[in-house]
Amino acid sequence: MLLRYLTVKFSDVLSGGSADAKLIFTFTAVVGIAIAAAVFYSNRGHLKSPWALSKRKKALSTEQWRLLFTLEGKFHDEGVRFLKTVRRGGVDPGIRAEVWPFLLGVYELNSSEEERHKLRTKKRKDYDKLRSRCQQLIEFNLKVNEVRVANKSGNDKKYNHAIVSTDTKEVNSRESPKKEMNPSPDYLDDISSALLETSKTELDVNTCNTGSVNSDTSVEQSQTFTSTESTKENGTEVTSKENVSNTATHLKFTKKEDFITWQQIIHVDAIRANREWIAYSPTLAAVSDERARSFAEAVGLKEYDKLEPCMIFHAARLVALLEAYCLYDPEVGYCQGMSDLLSPIITVMTEDHDAFWCFVGFMKKARHNFKLDEVGIRRQLSKVSMIIKCKDSQLFQHLQMLQADDCFFVYRMVVVLFRRELTFEQTICLWEVMWADQAAIRAGIGYSVWSRIRHLALPTEDLLLYAIAASILQRRKLIIERYSSMDEIMTECHSMAGHLDVWKLLDDAHNLVFSLHDKVETPT
């Protein structure tokens, strides 16, 4: 307003005033503009933050959501208004199941309703195929175990000669032809490990493409499993070596971790899942005991007797989707922590196939957190460290003194994206804002739209990292004055759970993005 007033007055004076008046006013205007600009630029990061208390908007409502589309189901402005609204306030719980596929790249922002319907039908079939392959692996493993038990007990005469005595420490090389002709327990161990390892056969791009997700991180992978035939001998069903070998030749093996190993870890994590989600999904919380146990039996989940029906059902869904993801992305498979990311998604998305593809979209950016080389984790910890260093040199020097400048104490925050530090609803709000940033960049509208207003922080792929740095900076005084080891700082980070204000966190993160973005961001 001040700038506009000075501009108008300056024009008036120039059009009809004395030379002295023009000189005096020109000097005054220049000084006034300089002061106004200084005040504006020094405060614009905080005052213009979309998450500041004075600027905070309500979540995207059902009414707003409906008005965003044309008659054919396309966004009026290719999703610009949609993403800006979500970025400011998140999404109303009642429409999250409709909105999230757009945020997570399952649907293109410029797609029509008809295109989305066809895509959803195709993706449902793709998910069913993955689940079918999971079942094939489980059934094959059961057959292998049956043969192994039969061999050890000596009931199957066909394989008795292949069993090595426990008193024999070494197998003579001349016995190897026998071993090749008939499957001993050791041979079956080798074959089952191979069959149960996840292969890296590409999925059809047309059927498993997740939309507009960046190709550099896409994993369009699955595998082809040939059903294992069986023969009956003396009334006992056994798996023949020839059939097993034929199945094995169809696969390409790339990892030591096999499907059964992943499955075992998934089952443990699923049973241990927290119950915080129940209050946010009354429909799923009211599932019947019969339905819950039936689903658990279908996915092979056991040892759930102490759980109530809704938690049994929740655990079974985790198992089904995470097993399918192991086949979809065998490079990652399953690591502990992935269930934390999936749990909120299956709470919102009631259909498993919808939840699965949303999870795939989510994991496009999060999968590097679970790779064994930890390159992605180290990159993110390094960026958090750089943000702290650029913002608060005193705090960073203290961390250096404690040999904690690598910021390993925020490892858990990075891996599970604040899931264990925030409440269920806070986590979802943070993720929605983060997804809106990523969707804007993915669609190529981030810089073209937001850069027109330079005092608003641009969308960033790493909003989460700025939020993590902000949570540490909020505790700078405590860390500097009281803590003398990295373990103490890590304990403090873990104690944040349930005590963070997500919108204050986003507001502080905004200021960091605005002031440090150009210093911290580097090409990836």
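Nothing in this text is a laboratory measurement; each read-out follows from the coordinates by a stated rule. Quantities reported herein were computed from a predicted structural model and do not represent experimental measurements. Every residue, glycine as well, gets a Cβ built from its backbone with ideal geometry; the counts of neighbours run over all protein chains shown.
Observations
- Label-zone membership for region 84-101, site H517, 7 angstrom Cα→C-beta point, backbone N under 16 Å: 84-85, 87-88
- Both radii were evaluated on the Cα set of region 308-353; the Rg over Rh quotient, with Rh as the Kirkwood radius, amounts to 0.97.
- For region 285-383, taking the reciprocal of the average inverse distance between every pair of different Cα atoms yields a Kirkwood hydrodynamic radius of 14.5 Å.
- Note on region 349-389: the C-alpha convex hull projects to 3.8 nm² when averaged across all orientations.
- Semi-axis lengths, Å, region 325-484, gyration tensor of Cα atoms, sqrt of 5 times eigenvalues: 29, 21, 15
- Taking θ as phi - 60° and the Karplus parameters 6.51, -1.76 and 1.60, the scalar couplings of region 283-299 work out to 5, 5, 5, 9, 4, 6, 5, 4, 5, 5, 5, 5, 5, 4, 5, 5, 9 Hz in sequence order, x denoting glycine and proline.
- If R0 is 56 Å, the Cβ-Cβ spacing of K118 and K306 corresponds to a FRET efficiency of close to 0.80.
- For region 78-147, the spread of Cα positions along each principal axis, largest first, Å: 61, 26, 17
- Figure legend: label point modelled 7 angstrom from the Cα of Y280 along Cα→Cβ; residues of region 408-435 with amide N under 17 Å from it are 416-435.
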